[in-house]
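Trainee: I'd like to ask some things about the structure below.
The numbers here are math on the coordinates, done by the rules we state, and not lab data. Source: prediction; values computed, not measured. Neighbour counts run over all protein chains shown; Cβ positions are idealised from the backbone, glycine included.
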Amino acid sequence: MNRIRILLFGTFFSFLTLAQAQNLEYQALVLPDTLTRHADAIVRQESMVVHIRNPFRMEIEMERAVTVLNGKGDAHALAMVSYNKSRKVGYISAAAYDALGRETQKYKQRDFRDLSAVDGGTLYSDARRLYLDYTPVSYPYTLVVRYTLEDANTAPLPNWYFLSGYRVSTQESRFELRYDSPELRPDFQESHLEGYAIEKESFHNGFRYVGRNLPAIRDESLSPPFTEVAPSVMLRPRRFGYEGIDGEVDTWQDIGKWMHQHMLDGRDALPEATKQKVRTLVQDTRDTLERARRVYRFVQENTRYISVQVGIGGIRPISAIEVDRVKYGDCKGLSNYTKALLDAVGVTAYYVHVEAGQVKSDFKPDFADLAQGNHVILAIPYQGQLHWIDCTSQTIPFGFLGDFTDDRLVHVIDPEGGYLVRTPQYKDEANGQVTEARVRLDAEGTLAGSVEVRTSGIQYDSHYAIQDLKPDDQVAIYRRRWGYLENLQLEDLRFKNDTDSVRFTETLTLKATNYWKKAGNRILLTANAFNRLRYVPDRYRDRTLPFQVLRGYQDREHYQIELPEGYKPEAIPGPVAIESPFGSYRMEVQYLPEEHILEYKREALVREGRYDAEQYEAYRDFHRQVARAESAQAVLIQTQESK
Amino acid sequence: MRNLLIVLTLLAATAMQAQDVKFGKVDDALVALKAHPADSSVVASVVHRSVYVYYKYVEGDGFHQYRDVHERIKIYTKDGYDYATVSESLYHNGGDREGISSVKGITYNMVGGKVEEDKLKKSDQFDEKVNAYYDRLKFTMPNVREGSVIEYEYTVHSPFAYSIDEIPMQYDIPIEHQRVRVEIPEFIVFKPRYKGYLMLQPEFGKRSGKINLVYNTNDYQYEAGNFRTAAVDYEINTITYDMKDVPALEQEPYVNDMDNYRSAVNYELLYVQYPDSPRENFSTSWDQVVERIYQNDNFGYQLNRTNYFKKSLESLLSPEMGPIDKLAAVFFHVQQRMNWNGLYGYITDQGVRKAYDQQTGNVGDINLMLVAMLREAGLDARPVLISTRDHGIPSMPTQEGFNYVIAQVVLDQGYVLMDATSKYTKPNLLPVRALNWFGRSISEDGSSSSLSVFPSAPSKELHFVQMDMQPDGSISGKMRSQYTDYRAYTYRNRYGTLSEEEYLEDYENRRKGMEVGTLERKNLGAIGKPVMEVLDFTLEDGIGVVADNIYLNPLMFFTMAENPFKREAREYPVDFAYPWQEKMNISINLPEGYQVSSLPESVAMGLPEDIGSFSYHVGQQGNTLQLVVELNINKAVVPSTYYQSLRELYKNVVQKESEQVVLTKIGSDGDQKRTTGGR
């Protein structure tokens, strides 16, 4: 029997009949343009009431109704709540409504799935979540969730975002905070409320914000993280309880003192044998920095990153003695352990809270709050300067932070409580890549020769890991990096990792076929063989958000390409020079007749910066000009008629 | 009748662990080793692994299953640290739950010429509640460094005697020696199902077992003096896999799911037969598998329920409709009404009636309902059992080999396959997840037959482009594109929910340099028809103009810039999921005053056994260039034996598509000049 092909005519629709039981509040057939434009979902009504009873009891009442317009909006209507041993769910329910506002489903607590909230890098955590597995029946639909929470911790306090993300609008958003006594009154900080219909009302022992009809913000490439453009109110407690411990803080120094007293003090004891071991390691040097380097190397060689989060473990490191036994820990445990080892050899180091991530995020100087920061590193004072180490990496060089913790305000916690300070910045030229190549192109189109790539700064960070890969995977990386090189063969791959100066050098010899485009008796040859800057930012018909270039870089090329015999240049690319506020570009190609060599020199600089939406087109134009110059081709023509 | 109390004691199974490898006895030389002797790139390797599955009779509850695991792993580099973390999932259902016991672990390190041991403590182990059915025990070994040898063992106890978890035979790191032994009492009969590319050579054997039964001859059970003992002898079937130097499973691109290729053994229950009891069959032949599935209340019975949809069906059908119209009407009704909850399964989850009411269900709910409705409409409709792409290939008759069901309608002209769980499929177009070799079709009388689910007709992507070129190299043009079958399915999945503005931006950013003026899309919601696009465009940075010459890649943004097949060799098949054709029909009006001085040659090439072909045809008519470029892949899955040919074909495609047309200004010479930028 054969499978047949059939033709179908048209599609079929089933028509809904109108029923009585409907909640017009949630109807989604007629919605104002201001709410649907650029929106995948609309928060119809959201309200959170936070009631701080005492430092060890906070009650939260939440209600959230979200109309989802299409599949991409599903994530914004998730009925999910996180809890743990200190934070208990009192009550939870949900209901789904169709486009007409009719209730289609009701869910009780037992309909929610109870899941462990462990993520990839974590061995164990007592964090859990209740989650409703809802399958949308049609769009638009509305999902309403209601729950109450009781929390034995009053730090951190919830922050309130009047918009829940890019591409979500808000019809009504209420946030209310109450406290039973004046000392429980938190500080708050408003951001980006201007231009939105958001009202604040204060009353005895509390306040309330109400926002209405807030349009969605469209996400655009290179735009700042949503939290930096969204209207929000941040809260921080002055008086709080955390896992049974009282706290009263105002400044960063207060937080540092509290950390020291309750979370760090007494957790730095080490077995005598371990102390002896590190002392032996450093016995031949008195230099503080050299001692620190050796201890750091010892930690890198002997420990690994494994995170275990139980209760207070969210802020307090596991003891140094425990890390010494198992030789693993999370950022807190490994940093605290390293700090204790450094102490054993007479080197002072400070525990540092930082908000880590590729996107740079500052601690707020005038808004000290325990909630800021998601990572711990160490700072070592030496000759009036701080040297930084991240104890969770087994490979990163001493004193180098990379794009995970660079250029941001962090909290250095010394025994007096400490202060905020900015971590080192890797600016523009500091992030360099120099490529030098001497290659030969033969008449069959095969390109062969040697290449050297030297990287520094943030570019070091994205290159040095290749040395630890398996040979197969190393080759795969070059095949991807130079995807346009056909049949790429690599030989004699060598790496030099200079961790003192933080420079990485790759040297290799390579061979690739078909490195030209044929056009009759002519050959077209792209002069930039090994580092084509072809990136052009996405085009927007109507760019609305500011944009940022998070980190600058400088790439320099110097290639000598020996040309095939029997061909001579017919045309070679002319020099290009571009100057712009976003960077600069200079390219030059020369033919050296004695050696029959095409020499390519190019220097490209892209600057980091924050820019307005109006400048986006100019930025895009800069990259377009660069991309065009990067694809410049030389034309070679055959010198003999038949060969 | 005499009241019989059976108290059972168990004869200890003779130790079947491998002879030479004892927990806690590790060679100093192994700990001292700095790199893998054969391959220095190995990050870690399993020096020894033993898995021992066996049964014990448990008083009052019958046979229970046990699994002893012992692994000894040498860690060479930091990238091997992941293998120091162990996670074991434990299932529970109702009061029955799997348990883990006797967890022991030791890390060995060479410190100053001496081996030091660190023991895994109870406090290093974490019990985690994953969800309503699974718990998990997790631990990571203490004091792991480069060079450490780690070793752990534990026993998993399971009251679920009739189900043996899949036993992987291959890891992402090499296994130097492994011994997997499975011992099953003669009463429970399984059939092994092998997966992967390794040759497994089981050794079959038998040994005897004995159950001591204690009878109480008295009605008052615990009164002393009335016990009698008796022994039941039985046979135990043993299967042993003893393997040396099992290679690591290497990741390769363009594979649907690497785990499909991981060697492993599954045990599937055939039947259970206790002494003096009737045999309880589970599966042996295809017919029996099908019969058992059919008997399941969540399968066969669901096909017979019709009341819940009767009304809707009446309104869908009219007497003048032919079979194909009926089939389409029913299919689109179910597709539109039902919303897949993401769960697989050939049996229903909540039952067809409830699913129909709530408009949501699993695969079984939706497609069995579809079959029932098609039958009610008077068509010869059949459920087809299949195994999804991530579930492996069902080569042996077993229930577990299937995990999905679709619908088939048999017509005079042939048959039509349907799956209503996706919003973008149509009759004879299954979602990609369901395209996996063959399925088992079950007719109403219960007989079954095998059929191919791979689509045979190619899915097409066709582009007709007409361009005008100006002397300055700028280009404007019109393009008409058509996407059929799976190309349309993919298109709708990817772009179906984008607004026109968003789609345009996405389009331009996919085809850098192109600016689209107007765009018209048709049939986006008309699933039965191809998706059509008509647009006009200009090219920002089209061509290289070098004084008197214009260098033009006539394929423009359609050029395949890179060969996707970068590896020199390949072990696994190349999985395209469906046959396809990409065809570009391009005509370019050249600027006045230029003549063609060089054109690429036209070529055509094919793969063996008609697996695929490429053709590039270029011609000139007056001032117009005509190009027809066509790439065909005619097989859904290309065996790895043809990998070299396929890679070579793609290499030729990349090379050909990079070739340039040279236009020369009429009446110019050819001196050295400076080029401006260009492609």
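Trainee: Could you give me the ³J(HN,Hα) list for segment B:143-153, computed from phi with Karplus coefficients 6.51, -1.76, 1.60 and θ = phi - 60°, whole Hz, x at Gly and Pro?
Mentor: Whole-Hz 3J(HN,Hα) from phi for segment B:143-153: 6, 8, 9, 5, x, 4, 10, 10, 8, 8, 8.
Trainee: Kindly express, to the nearest 10 degrees and within the range 0 to 90, the angle between helix B:363-376's C-alpha long axis and the longest C-alpha principal axis of chain B.
Mentor: For B:363-376 against chain B, the angle is about 70 degrees.
Trainee: With r as the distance between the Cβ atoms of B:Asn585 and A:Glu452 and R0 = 35 Å, compute the FRET efficiency 1/(1 + (r/R0)^6) and round to 0.05.
Mentor: 0.15
Trainee: Give the Kirkwood hydrodynamic radius (Å, one decimal) of chain B, defined as one over the mean of 1/r across all pairs of different Cα atoms.
Mentor: Final number for the Kirkwood radius of chain B is 30.6 Å.
Trainee: Related question: Among the listed pairs A:Lys568/A:Lys601; A:Lys511/B:Lys512; A:Lys257/A:Lys339; A:Lys277/B:Lys104, give every one whose C-alpha distance is greater than 25 Å.
Mentor: From the list (A:Lys568/A:Lys601; A:Lys511/B:Lys512; A:Lys257/A:Lys339; A:Lys277/B:Lys104), the Cα-Cα distance tops 25 Å for A:Lys511/B:Lys512; A:Lys277/B:Lys104.
Trainee: Continuing with this model, one more query. So how far apart, in nm, are the two label points at B:Arg511 and A:Ala273 if each is 7 Å from Cα heading toward Cβ?
Mentor: Spacing of the two 7 Å Cα→Cβ label points: 7.0 nm.
Trainee: Let me ask something else. Could you calculate the contour length gain from A:Thr639 to A:Glu595, that is, 0.36 nm times the residue separation minus the distance between their Cα atoms, to one decimal place in nm? If you can, show how the numbers build up before the last one.
Mentor: Numbers: separation 44, 0.36 × 44 = 15.84 nm, distance 1.66 nm.
Taking A:Thr639 through A:Glu595 to full extension adds about 14.2 nm, to one decimal.
Trainee: If amide H atoms are built 1.01 Å from N in the plane of the peptide, which residues on other chains or at least 5 residues away come under 5 Å of the amide H of B:Val47?
Mentor: B:Arg72, B:Ile73, B:Lys74, B:Glu176
Trainee: While we're on this one: Which far-off residues, 5 or more places away or on another chain, put their amide H under 5 Å from the one on B:Leu269, with H placed in the peptide plane?
Mentor: B:Lys191
Trainee: Same structure again: So for the pair B:Gln620, B:Ala230, with labels modelled 7 Å out along Cα→Cβ, what separation do we get in nm?
Mentor: Label-label distance for B:Gln620 and B:Ala230, simple model: 10.0 nm.
Trainee: Turning to a different aspect of this structure: Which whole-number percent of Cα pairs in segment B:459-665 have a distance greater than 30 Å? Before the final figure, lay out each step's value.
Mentor: On the way: 6118 of 21321 pairs.
More than 30 Å apart: 29 percent of the Cα pairs in segment B:459-665.
Trainee: Search the structure for amide H atoms under 5 Å from the amide H of B:Leu411, placed 1.01 Å from N in the peptide plane, and list their residues when 5 or more places away or on another chain.
Mentor: Under 5 Å from the amide H of B:Leu411 lie the amide H atoms of B:Val416, each far enough along the sequence or on another chain.
Trainee: Given axes a ≥ b ≥ c from the Cα gyration tensor, I'd like to know whether the protein assembly as shown is rounded (a/c under 1.5), prolate (a/b larger than b/c) or oblate. Write out the running numbers ahead of the final one.
Mentor: Details: a/c = 1.35, a/b = 1.14, b/c = 1.18.
Because its axes are fairly even, with a/c under 1.5, the protein assembly as shown counts as rounded.
Trainee: Calculate the FRET efficiency for A:Val137 and B:Glu571 from the Cβ-Cβ distance with a Förster distance of 41 Å, rounded to the nearest 0.05.
Mentor: The value I calculate is 0.40.
Trainee: Label segment A:429-638 by shape, choosing from rounded, prolate and oblate, from the square roots a ≥ b ≥ c of the eigenvalues of the Cα gyration tensor; if a/c is under 1.5 it is rounded, and otherwise prolate applies when a/b is larger than b/c, oblate when it is not.
Mentor: Details: a/c = 1.97, a/b = 1.23, b/c = 1.61.
Cα axes put segment A:429-638 in the oblate bin.
Trainee: Report, in deg cm²/dmol and to the nearest 500, the calculated mean residue ellipticity at 222 nm for chain B, where each DSSP H run with n ≥ 4 adds -39500 (n - 2.57) and the sum is divided by the residue count.
Mentor: Estimated from H runs of four or more residues: -4500 deg cm²/dmol.
Trainee: Calculate, in nm to one decimal, what B:Lys22 and B:Leu343 gain on full extension: separation in residues at 0.36 nm each, minus their alpha carbon distance.
Mentor: Extending this stretch completely gives an extra 111.2 nm.
Trainee: Quick check: convex hull of the Cα atoms in chain A, volume per residue, rounded to a whole Å³?
Mentor: Value for chain A: 249 Å³ per residue.
Trainee: Starting from the 7 Å offset along Cα-to-Cβ, what nm value, one decimal, do you get for the label separation of A:Gln383 and B:Gln413?
Mentor: For the pair A:Gln383/B:Gln413, the computed spacing is 8.6 nm.
Trainee: On a 0 to 90° scale, report how tilted helix B:643-657 is relative to the longest principal axis of chain B, with both axes built from alpha carbons and the result rounded to the nearest 10.
Mentor: Once rounded, one gets 20 degrees.
Trainee: Same structure again: What do you get for the angle between helix A:616-630 and the principal long axis of chain A? Use alpha-carbon atoms, 0 to 90 degrees, nearest ten.
Mentor: 30 degrees
Trainee: So for chain A, averaging the separation of alpha carbon pairs under 8 Å that are six or more residues apart and normalising by length, what relative contact order in percent results?
Mentor: Once normalised by length, the contact order is 10 percent.
Trainee: Let me make sure I get this right: for segment A:24-242, a, b and c are the square roots of the gyration tensor eigenvalues over alpha carbons, sorted descending. Under 1.5 in a/c it's rounded, otherwise prolate if a/b > b/c, else oblate. Which is it?
Mentor: oblate
Trainee: Determine the gain in length on full extension of the stretch A:His558-A:Thr148; use 0.36 nm per residue of separation and subtract their C-alpha separation, reporting nm with one decimal.
Mentor: 141.2 nm
Trainee: What is the distance in Å between the Cα centres of segment B:377-419 and segment A:190-263?
Mentor: The two parts, judged by their Cα centres, are 56 Å apart.
Trainee: Pairs of Cα atoms under 8 Å, at least six residues apart: use those to get the relative contact order of chain B, whole percent.
Mentor: 9 percent
Trainee: Based on the Cβ-Cβ distance of B:Asp445 and B:Asp325, what FRET efficiency does E = 1/(1 + (r/R0)^6) give at R0 = 22 Å, to the nearest 0.05?
Mentor: Working: r = 27 Å, r/R0 = 1.21.
About 0.25, to the nearest 0.05.
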